[in-house]
Structure formats: structure tokens, C-alpha cells
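Asks: Below is the structure I would like to discuss, written out as C-alpha cells.
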Amino acid sequence: MITLAVSAVLVFAIEFVARGSFVDTLNFFQQPFKPSWTTVALFALLIIGFDALLGRPYNGLLIVAPVALMLAFVGHQKSLYLGDPLYPTDFLYARQIVELMPLLVRERPLAGIGIVVGLIAGVSLLVFAWRYWRRRMPALSFWARMSRLAIAIPALAFFVSIMDYATFSWTRDRLQIIPMMWDQKENYASNGFAIAFALNVPMAKVKAPQGYSDKAIDAIAKPELAAAALPEEKPDVIIVMSESFWDPTRLPGVKITPDPIQNVRASQSGNVFSPEFGGMTANVEFEALTGFSNAFLPAGSIPYQQYVRAPVPSLATFFKSEGYETKAIHPFGGWFWNRALVYKDFGFDTFLSEENLPPLEKRGPLVSDAALTEEIIRQADATEHPFFFFAVSLQSHGPYEPNRYSDTTHKVDAATSPWVRDSILTYSEGASDADRGLKRLMDWASKRERPTVIAFFGDHLPPLGPVYVETGFMKEPVAKRKAPIDEMAVQHETPLVVWSNRTGAARGIGSISPAFLPLHVLETAGISHPYYTDFLGNLHDRYRVVDRNMLMPRQGESVFDWSRQKELDPAIRDFRWLQYDMMFGKRRGAKGFFPETVDKVVANRTRSPLFLRDEAFG
């Protein structure tokens, strides 16, 4: 009974830390159709099991409690910053968080000091408690330890066996554990932090979608094009994904002078409807380069770090097959988001990162957009053959602490707190630098004889936090995953420019998923391709946004929770099948949709013993 009482207190503390609300935590325990007491029993079993292994009663609490409370704290902070709960896959980018910690501390130095002091105090207290407990508590006898293990291990093993959300479990249903994988916010609210976190563990594995088979792939309508078709004079293509680029003049009641994105505004083709908010740049990048969608992957997954372990067709794959030089440029560590390895599998010849770039001038704490732009131009001028460049900027990465730049050129008028006003100024200054970078690139391309296509877009809205709340842009500091279409558009759209030095800016693209970017880039370049223009073009005739939570058709009302429907639109079903086939399946669709990948080596990457050879498609 003491163990159950201790477990109940611990679970209450975990929920309180994760939710940040005493009332919500109390409601979780009071509602009969919530698995609160199941969670209490689960933690009691964990404590009993660790007690047996450690040989002292209640010693397990000193392991279970710190770990669980730390996870709950990190989860709460993530929800405040990005709007998403903590997923097991988040540990894949723990190194990224550590690397960015100096930037985060710059914004709130006192909070950083508090965290360090808290960690030191916590570890010291834990060591003291451990030593005190070991001296004061009697050791468990052999049989006492065996009896505890005999209770804990089978019960925990059974619990693990019923946590596969993809299969129905009568026991799980009776315990009021209802997997809500289509709505992770509600999943964590209803099932509690610990059980929702556990439910997400199996999601790391991608299962074949219902109906997928060789016959299903063969039945997908084949493109009219048997191979790609390019103009006689091959155009150069440059795509710039600008970190957190957005239009800050959308903030209500805020006046920014001069216009920070005047050049983008003059040439704007449409908007990118980002599947992310405030972070997870690599997921937007994945869609923009491959023409595939995160909507078909588990919530919280990071394809760059989880699923790209062999060649995956991308724009770089295609351009390389046509004799282009393919180059990725990002002035940060090549290990970040696993880019160095992913870019090889995407077909890039070269990846220029901070490890092999010349020293680039910084503006604020990070490499400036101006310096990155000049490096792109320098690389282009030194390239004789047609080229495809993909660049990711860095300067405007958050947080946006006041006074980041000492030489600001803008003025912000807003009826907000001074901190929020100064934060808007910091962000606006960075957005303006990115805007000027695009103008510099377009001016340079305008003087070139070779046809040149430039695409420029923001990966997601910036994590401005309290700025959104104080200005009334959003009720919460993070964007919603499910909301009315108008609200979703405001919280997820970033400006998009697709421009050619021969035809000018493409107009009327509207709001599109990043997965449709290859379609518009190639069409502007006068290039046809079986997948990127034919298949995606046909799909785009029906839908402009394919999101995890909704589909936005070109005409008609949006479809929410589409993945839960018994019958999918054949266009979406085929999109899902083809993506799975090329990423996880037999690549049976390669010949018809990605002919450039058939029997062609694209990567030369050192792998585990299972992959100690050059990987080829087909």
C-alpha cells in the first residue's frame, strides 16, 4: 500500500509538471474514463522491480522519479516552445538541442543559470538520498527480491504487449487506454504523459499502408512521360530555404518601417503551408527535396534521422542523372539533422558545411544571410556545368532576444511590452537581411546569360512565443495543429518566391505543401518529369495541401482526420503507396515514376555491415 501511495504522488507530480496546470491534473485523476490509476499501478510495478534489482525497498523510486519528472519537464518546455508533446524520437536530436543551448541561454540568461543550479542541486540531492537510503534501509532477502521480480516482470511484460496501438487490445480498452495517434495533443491529455509517451514508442517503425502490394503499385496510373524532358539549354536551379522566414507585418497592431520583406512581397508567388511550427526544419526540407510528405509518417518522426538509411529519390538525384552538379550549402555542422549522410543518399555531389566552407562573416551570433548569399554566387560562378544548389540559411534561427543586432535599420511601433517590441525588431531585422539576400541573388541572376531559376521560402513560422500572445496574433504562444482553415493558414504559411531570369516571378501558386515545391520549380524551369511534374501535377490539381491532420483541396471544403476514414481518395492513397514503396518497400514504382534511379548508383556511404557496398536503386 505504501508503494501505491508513493506511486500516486509521483504520477500526480509528473502530470502536474507535464501539464503545467493543477486543475487539469486534478481532472485527470477524477475522471473515471482516464487511465490515471492504471498509470499509478504501472509506476508501482516499476518501483517494485527496481527495488528487487537494487536490493533495498523504495530504492527504485530514486531512479524512476528523477527520470520521469525530467522527461515531464522537458515535455512541458517543448510544448511551450513548439506546441508539440515530447515523443520518444525526440532523443534523436538531443545533440542539436545541446549545440543550440548557447543561443537559448542568450535570450534568458537567468533561466539558464537557474537550470544549471537546479541540475547541480538535483544531482547532489539524489546522491545524498542514495547514500542515506543505502545506509538506513535494510537489504532485501533473496526471496523478497525474487517475489518482487515475479510480480513486476510478468505484469510489465504484459503491459508492453498491449501497447501496440495498431492492434486492438480488449485489456487496454478496459483500462481506458485509448490510443489517439491522429491527435497527439489529445492523446497526452487523455492518457496522461507516461502512457501517451509509451504509446508512441512503436511509432518509430513504419508499417506498410493498408492495401500496399506489388499489384497496387502496378495499378497506379502511369505517367505519360517515360523519362524527363529538359530544354535544350539546361537551366541552373537554386533553392534557398530561409530559416524561420515569415512576414512580421502580419502581427496585428504592429507597424514596421521600412517594410522588412519588400523584395519578397514584390515577387511573391504564393505561400508554403509548413507542416511544422517554430522548429523541425529538417522535416520541411525533406518534403521540399523529395516531393514526399510527412503526413504519411508517424507523428513526431524525423525522416532525416530515422528513415533515410539508403538512397531516396530527390531533386538532387534527378538533376545529377541529367549531368548537373548538385551541391547543398548550410553554414553549420554537417552532423546537424544528419544532413551529411542524408544529402549523400539524396544524390548531392557535395555538401558545404561549416567544416569545409571558408570562414563566413556573422551577423549577430550566426553566419549572416549576406555572407551565405555571396558564397552561393561564388560557387555558381565557379561552376561550368549546369548546377542544382540547395541552400539552408542560419542567421534568423531563434530565439529572438532583444538587441541581437547593434546596427538595426528598422523601427517597430507596437502597443506591447518593451521586451516584445524589441524582440519583433530583432526578428524583423533578420527577415530584412534574408529579403535583401534574395534581391542580391536575383540581381546577380538577371545579368547571367544562362537560364536560372531561384526558389526562396521560409521553413516555418518563427518561435516568437509571447510576441504572438501580446499582439493578439494567436491566443497561445504556439500554433495549432487542428483548427479552422483560415486560422491554420495564418499560423503555418510562409512566403514563397519562384522566379526565373527569363520569365520573372511565377504567380498564382497559392498556398502549397512543401512537397509540391519540386513541381513548381521544374515547371518554371521548363522541365518535365514522370513524378515531380506528372504525378505531383495531377495530385496538385486536386489538393494544394497534404497535411497530417487535414487535406486542403483546390476546390471544396477541407477534410480533417482524413487518415481515419475507411476509404481514402485514390489520389492520396496512391501518393501514400508510392512514397512507402520508394522509401521502405521494393521500389517497384521506380521504373515508371523515377526512371533516373533504376540501376544507377547514387550514394557511396559507409554503413553498418549490412550496407558495406554502394547502394543503388531498382
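Asks: Let me spell out the model: positive unit charges on the Cβ of Lys and Arg, negative unit charges on the Cβ of Asp and Glu, origin at the Cα centre of the chain. What dipole size does that give, in debye rounded to 20?
Replies: Computed charge dipole of the chain: roughly 2240 debye.
Asks: Could I ask something else about it? So for each of 437-448, 539-550 I average, over its residues, the number of other beta carbons within 10 Å; can you give me the resulting order with the highest mean first?
Replies: Those peptides, ordered most packed to least, come out 539-550, 437-448.
Asks: Of the options His492, Phe457, Ala445, report the single residue whose Cα projects farthest towards the positive end of the charge dipole of segment 429-530 (beta-carbon charges: Lys, Arg +1; Asp, Glu -1).
Replies: Ala445
Asks: Just the number, please: carbon plus sulfur as a percent of the accessible area of the chain, 1.4 Å probe, no ligands or DNA/RNA counted.
Replies: 59
Asks: Only bridges whose two residues both fall in the chain count here: according to DSSP, what percent of them are antiparallel, nearest 5? The partial results should precede the final answer.
Replies: Numbers: 25 of 48 bridges.
Taking every DSSP beta bridge with both residues in the chain, the antiparallel ones total about 50 percent.
Asks: Determine, for each peptide in 245-257, 504-516, 564-576, the mean count of other beta carbons within 10 angstrom over its residues, then list the peptides with the highest first.
Replies: Packing proxy ranking, top to bottom: 504-516, 245-257, 564-576.
Asks: Same structure, new question: If you project the alpha carbons of segment 409-528 onto their three principal axes, what span does each projection cover, largest first, in Å?
Replies: Taking max minus min along each principal axis of the Cα atoms, segment 409-528 gives 51, 37, 17 Å.
Asks: Moving on to the next point. How big is segment 294-334 along each principal axis, measuring the range of its Cα positions in Å and listing the largest first?
Replies: Extents along the principal axes, in whole Å: 36, 25, 17.
Asks: If you add up the charges near Gln262, with Lys and Arg at +1 and Asp and Glu at -1, over every other residue whose beta carbon is less than 12 angstrom from its beta carbon, what do you get?
Replies: Its environment carries a net charge of 0.
Asks: So, one more: Give the shape of segment 181-275 as rounded, prolate or oblate, defined through the alpha-carbon gyration tensor: a ≥ b ≥ c are the square roots of its eigenvalues, a/c under 1.5 means rounded, and otherwise the shape is prolate if a/b is larger than b/c and oblate if not.
Replies: oblate
Asks: Roughly what % of Cα-Cα distances in segment 151-309 sit above 29 Å, to the whole percent?
Replies: Numbers: 6014 of 12561 pairs.
The answer is 48 percent, as a whole percent.
Asks: How big, in percent, is the set of alpha carbon pairs in segment 18-88 lying more than 20 Å apart?
Replies: For segment 18-88, the share of Cα pairs beyond 20 Å comes to 45 percent.
Asks: Hey, what do the phi angles of segment 31-44 turn into as Karplus ³J(HN,Hα) couplings, whole Hz, using 6.51/-1.76/1.60 and θ = phi - 60°, x for Gly and Pro?
Replies: Computed from phi, the couplings for segment 31-44 are 7, x, 9, 10, x, 5, 6, 5, 5, 4, 4, 4, 5, 4 Hz.
Asks: Using the alpha-carbon centroid of each, what span in Å lies between segment 258-331 and segment 208-226?
Replies: First find each Cα centre; the distance between them is then 25 Å.
Asks: Any chance you could list P(r) for segment 370-419, counting all Cα-Cα pairs in 10 angstrom bins from zero, rounded to whole %?
Replies: Spelled out per bin, shortest first, that is 16, 34, 22, 18, 8, 1.
Asks: Grab the other residues whose beta carbon is less than 14 angstrom from that of Ala41, score K and R as +1, D and E as -1, and report the net.
Replies: Within the 14 Å Cβ shell, the charges total +3.
Asks: Then there is this: Scaled to the compact-protein estimate 2.2 N^0.38 Å, what is the alpha-carbon radius of gyration of segment 208-249, rounded to two decimal places?
Replies: 2.15
Asks: Subtract the Cα-Cα distance of Tyr58 and Asp486 from 0.36 nm times their separation in residues, and report this length gain in nm to one decimal.
Replies: Taking 0.36 nm per residue and subtracting the Cα distance, the gain is 148.8 nm.
Asks: Can you check what the net charge comes to around Gly472, using other residues whose Cβ is under 14 Å from the Cβ of Gly472 (Lys, Arg +1; Asp, Glu -1)?
Replies: -1
Asks: Rounded to the nearest whole Å², what accessible area per residue is found for segment 343-449 with the 1.4 Å probe?
Replies: On a per-residue basis, segment 343-449 sits at 41 Å².
Asks: Can you find, among Tyr87, Gly49, Ile177, the residue sitting farthest towards the positive end of the charge dipole of the chain, where Lys and Arg contribute +1 and Asp and Glu -1 at Cβ?
Replies: Gly49
Asks: Of Pro252, Leu357, His76, which is farthest towards the positive pole of the chain's charge dipole, taken about the Cα centre with +1 and -1 on the beta-carbons of Lys, Arg and Asp, Glu respectively?
Replies: His76
Asks: Now a separate question. Could I have the simple spin-label model distance between Gln31 and Asp541, label points 7 Å from Cα toward Cβ, reported in nm to one decimal?
Replies: 4.5
Asks: Follow-up question, since we're still on this one. Using modelled amide H (1.01 Å from N, peptide plane; none on Pro or chain starts), what sits under 5 Å from the amide H of Ala391, excluding residues fewer than 5 places away?
Replies: Here Ile239, Val240, Met241, Ile329 satisfy the definition.
Asks: Could you work out how much longer the chain between Met146 and Lys475 gets when fully extended? Use 0.36 nm per residue separation minus the Cα distance between them, nm to one decimal.
Replies: Additional length available on full extension: 113.1 nm.
The values are calculated or read from the model by the stated rules, or taken from the named source; none is laboratory data. Since the model is a prediction, treat every value here as computed from it, not as a measurement. Every residue, glycine among them, receives a Cβ derived from its backbone with ideal geometry; neighbour counts consider all protein chains shown. Only protein heavy atoms, including side chains, enter the accessible area calculation; ligands, DNA and RNA are left aside. Shrake-Rupley method; radii C 1.70, N 1.55, O 1.52, S 1.80 Å.
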